[in-house]
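The values are calculated or read from the model by the stated rules, or taken from the named source; none is laboratory data. Keep in mind it's a predicted model, so treat the numbers as computed, not measured. We place every Cβ from the backbone using ideal geometry, glycine too, and count neighbours over all the protein chains shown. For the accessible areas, the whole protein counts, side chains as well, though only heavy atoms, and no ligand, DNA or RNA atoms are used. Shrake-Rupley method; radii C 1.70, N 1.55, O 1.52, S 1.80 Å.
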Amino acid sequence: MKKLLKFLKKMVLSIIAIIVIFIISVILFINYYPSFGGDISKERQSLYTESIQFDNGIFVNTNRVNMDMSFLETLSLARKFLFEKVENGRPKQDILVPKIDSSNIANYASPTRFLWFGHSTFLVQMNHKNILIDPMFSDVPAPHSMLGSKRFSSKLPIEIQQLPKIDAVLISHDHYDHLDYKSILVLKDKVGKFYTPLGVGIHLEAWGVLRENIIELDWWQETSFDDLKFVCTPARHFSGRKFSNRQSTLWSSWVIQSETENIFFSGDSGYDKHFKEIGNKYGPFDFAMMECGQYNTLWPDIHMFPEETAQAGIDIKAKKIMPIHWGAFKLSMHSWTEPIERLTIKANELDLQVLTPKIGEPFLLNTNQSTKRRWWKQKDQTIDY
């Protein structure tokens, strides 16, 4: 009996030691692993007090959003992610994407051309400039590659190291699927200027980007970039790269204007009146990249359902829209093709033109290419550009 008690005591102590080590490891990981980015200091917060979106030390939506799920809702969500299989949640095989030669990118001049990398990442080549939007080139949208599911395509159309000089980077918010630590490390020395909503620059600075190369804007603020104009416009979402810094930085959509073209990028956003406000102030838009994916009834205020995406396209007065925030990662419980299928049906009802280019397929605005193709239902064939 004494031997048994002694053995049990050792087991209990060992379990306690493992738990303590685990907790300490998690704390050290969160506080010191670089991908979590920077933390807003009190001094930095003082710079944001003039923003009407900044309230009591955090950024808020115009129409407040309840981000607190109940304990039972949290358990239900965790169970669904971990144990419930979503039918067609991922492509049965990796999506094959075209391979693009680096010279095709470096030597391109005009007209305005777009290249979608899946999810919300774009290269926009406009007015002899290379503009990256929400650069996320890693395989997993998480602080560490072991903490998330991999990209639907095993390769990118062009590797991040092969990209030419990037004149400007636009970032919508600081979530991992939009602001990627590893991507910034590779990009930072070849980027002219980074444009972010208020506060997001703190992460870039933590990763070695010079502060003078970062321009932070509040909603409705405009800035000139040579012959282009960038406008930081509202979105209905939230921010934070760890539990302790939620809402510490602002989130946004973006308007990109030249003398001849007007483009909108929604970032992540739930449906709200801000789309009409943006449309009335800056529309009509020649083209709009609109969030459409990763929605769920548990978070209806921070991500749009596909039917809302179509209506938002009408609200901002877009001539053409393209669904984004799908096709690359599984971050919700719908099938991977549901967003595009539902959006297409609603857009047809609203007589709204939808572009559906394949990942890695360069496309122009003055063409009808990719408006009728349903590549997600066909066997993918790799094309080199």
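Structure above, values below:
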item: Order of exposure, largest accessible area first, which applies to 122, 243 with probe 1.4 Å; result: 243, 122
item: With all protein chains modelled, accessible area of residue 159 [1.4 Å, Å²]; result: 80 Å²
item: Inter-probe distance in nm under a simple model that places probes 7 Å from Cα toward Cβ, at residue 210 and residue 107; result: 3.2 nm
item: Amide H within-cut-off set for residue 130, under 5 Å, with H built and near neighbours excluded; result: 167, 168
item: FRET efficiency, 1/(1 + (r/R0)^6) with R0 35 Å, evaluated for residue 226 and residue 39 via beta carbons; result: 0.60
item: Net charge of neighbours whose Cβ lies under 12 Å from the Cβ of residue 286, counting Lys and Arg as +1 and Asp and Glu as -1; result: +2
item: Rel. contact order, % - alpha carbon contacts under 8 angstrom, at least six apart, segment 145-266; result: 21 percent
item: Reciprocal of mean inverse Cα separation for segment 89-141 (Kirkwood radius, Å); result: 12.8 Å
item: Protection proxy ranking of 200-209, 231-240, 39-48 - average other beta-carbon atoms within 10 Å, highest first; result: 231-240, 200-209, 39-48
item: Integer Hz, Karplus 6.51/-1.76/1.60 couplings in order for segment 304-316, x for Gly and Pro; result: 7, 7, x, 5, 5, 4, 4, 5, 4, x, 5, 4, 7
item: Inter-label distance for residue 50 and residue 189, nm, one decimal - labels placed 7 Å from Cα along Cα-to-Cβ; result: 3.6 nm
item: Cβ-derived FRET efficiency at R0 35 Å, residue 62 paired with residue 243, nearest 0.05; result: 0.90
